[in-house]
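The structure that follows is given in the form of structure tokens.
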Amino acid sequence: MNLILLGPPGAGKGTQARRLEDTRGLVQLSTGDMLRAMVAEGGPLGQQAKEIMAAGKLMPDELMVDMIAERISKSDVKNGFILDGFPRTVAQAEALDKMLEEKGLKLDHVIEMRVVDDALVERVTGRYTCAKCGKGYHDVFEKPKVEGVCDVCGSTEFKRRADDNAETVTTRLAQYHQQTAPILPYYQGRGVLKTVDGMADIDDVTKEIEAILAG
Ligand code: AP5
Ligand code: MG
């Protein structure tokens, strides 16, 4: 099964994608995570990505399309994938269609996670992850069971994203409304778009997504 999780910054795309990886064996393809890995590696492209992401702007379509095309060619995605953060423009959505068609793959569901703008700043500024295993947490909404200790791997080191500040989130949100939201009618016209209430509790959002996948 191949799906796209679509939604503004902080909608819960990464949170739900990681759950689907665990429960359904699908592979999460997060362009944001790929870009952060590129930044960590350094080099001129990593530097460009660092600056654009810090500003909350979008990376060039061509680069993102190439990045996904390369990733989708790997064998681990054959049992199904969850696109998280891609496509983000209509041009990326069109390029994705073309590449899936060439590979004989199809999209089963595009799931929009709808969240009111006002909730997103609190979600994003409170977010942190385990520095060792990447498990995601939130200062208020998803705390570790034992304070300061990762539930999954026991690490006591955590990190926050450089772009998770109120100013950058506002720009990311504006980019979402201008550049990414126009993808919704694109997929609606093709009958694959479903919407879930991203304001619900994390477990309830998971249930709503599972109900869609169960058909
Ligand atoms: P990316 O990493 O994709 O960031 P984003 O889209 O802004 O989304 P986030 O990762 O911030 O949010 P999320 O929906 O994953 O939320 P999460 O589950 O963590 O992209 C970063 C940057 O890279 C972009 O700004 C751009 O520059 C560049 N980029 C990436 N892809 C690109 C592309 N295709 N083209 C061009 N540029 C690209 O949840 C957030 C927090 O809320 C967590 O702490 C979580 O615990 C909590 N939470 C989750 N669900 C709930 C809930 N239901 N209730 C309460 N709290 C919740
Ligand atoms: Mg994410």
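The values are calculated or read from the model by the stated rules, or taken from the named source; none is laboratory data. What you see is a predicted model; the values in this text were computed from it and never measured. As a convention, Cβ positions derive from the backbone with ideal geometry for all residues, glycine included, and neighbour counts pool all protein chains shown.
How many residues, within segment 192-204, are within 19 Å of V121 (Cα to Cα) and assigned to a helix (DSSP H, G or I)? Spell out the reasoning first.
Quick first cut of segment 192-204, residues within 19 Å of V121 (Cα to Cα) only: 197-202.
Those still in the list that are assigned to a helix (DSSP H, G or I) too: 202.
Of the residues in that region, 1 qualify.
Right, here's the next one. Which one is farthest from ligand 2 (Cβ to nearest atom) among residues in segment 41-76 that are over 25 Å from V90 (Cβ atoms) and of a type in the set (S, T, N, Q)?
S75
Here is a yes/no grid of residues against (1) at positive phi; (2) in contact (Cβ under 8 Å) with a residue 40 or more places away in the chain; (3) surrounded by fewer than 17 Cβ atoms within 10 Å (Cβ to Cβ):
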site: D76; (1), (2), (3): no, yes, yes
site: L83; (1), (2), (3): no, yes, no
site: R88; (1), (2), (3): no, yes, no
site: A93; (1), (2), (3): no, yes, no
site: E101; (1), (2), (3): no, no, yes
site: R123; (1), (2), (3): no, yes, no
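Moving on. Within segment 134-161, track down each residue that is charged (D, E, K, R), in a loop (DSSP other than H, G, I, E, B) and touching a strand residue (DSSP E or B) at 6+ places or on another chain (Cβ under 9 Å).
Here is the first cut: in segment 134-161, the ones charged (D, E, K, R) are 135, 139, 142-143, 145, 147, 151, 157, 159-161.
Then drop every residue that is not in a loop (DSSP other than H, G, I, E, B), which leaves 135, 139, 143, 145, 147, 151, 157, 160-161.
Correct list: K135, D139, K143, D151, E157, R160, R161.
Now a separate question. What number of residues within segment 1-40 satisfy the criterion of being touching a Leu at 6+ places or on another chain (Cβ under 6 Å) and more than 16 Å from ligand 2 (Cβ to nearest atom)?
Looking only at that region, the number is 1.
If you go through segment 162-185 one residue at a time, do you hit one that is among the charged types (D, E, K, R), touching a Pro at 6+ places or on another chain (Cβ under 6 Å) and either surrounded by 17 or more Cβ atoms within 10 Å (Cβ to Cβ) or modelled with pLDDT under 95 (or both)? Step through it out loud before you land on a result.
To start, the set of residues in segment 162-185 that are among the charged types (D, E, K, R) comprises 163-164, 167, 172.
If we keep only those that are touching a Pro at 6+ places or on another chain (Cβ under 6 Å) as well, we get 172.
Remaining after also requiring either surrounded by 17 or more Cβ atoms within 10 Å (Cβ to Cβ) or modelled with pLDDT under 95 (or both): 172.
Within segment 162-185, one or more residues are among the charged types (D, E, K, R), touching a Pro at 6+ places or on another chain (Cβ under 6 Å) and either surrounded by 17 or more Cβ atoms within 10 Å (Cβ to Cβ) or modelled with pLDDT under 95 (or both).
Out of everything in segment 55-67 that is part of a helix (DSSP H, G or I) and in contact with a helix residue (DSSP H, G or I) (Cβ under 7 Å, 6 or more places away or on another chain), what residue ends up being surrounded by the fewest Cβ atoms within 10 Å (Cβ to Cβ)? Explain how you work it out, then say what you get.
Of segment 55-67, the ones part of a helix (DSSP H, G or I) are 55, 61-67.
Of the ones still in play, those that are also in contact with a helix residue (DSSP H, G or I) (Cβ under 7 Å, 6 or more places away or on another chain) are 55, 61, 64-65, 67.
Numbers: A55: 14, D61: 17, M64: 23, V65: 20, M67: 17.
Looking at the filtered set, the residue picked out is A55.
May I ask you to say which residue of M38, M34 is at pLDDT 95 or above, within 26 Å of E94 (Cβ to Cβ), touching a Lys or Arg at 6+ places or on another chain (Cβ under 8 Å) and part of a helix (DSSP H, G or I)?
Exactly one residue qualifies, and that residue is M34.
Are any residues in segment 146-166 of a type outside the set (A, V, I, L, M, F, W, C) and touching a residue at least 24 places away in the same chain (Cβ under 8 Å), and if so, which ones?
Applying the first criterion (of a type outside the set (A, V, I, L, M, F, W, C)) to segment 146-166 yields 147-148, 151, 154-157, 159-161, 163-165.
Selection gives S155, E157, K159, R160, R161, D163, D164, N165.
Condition first: closer than 17 Å to R123 by Cβ and part of a loop (DSSP other than H, G, I, E, B). Now tell me which residues in segment 163-191 satisfy that.
Scanning segment 163-191 gives D163, D164, N165.
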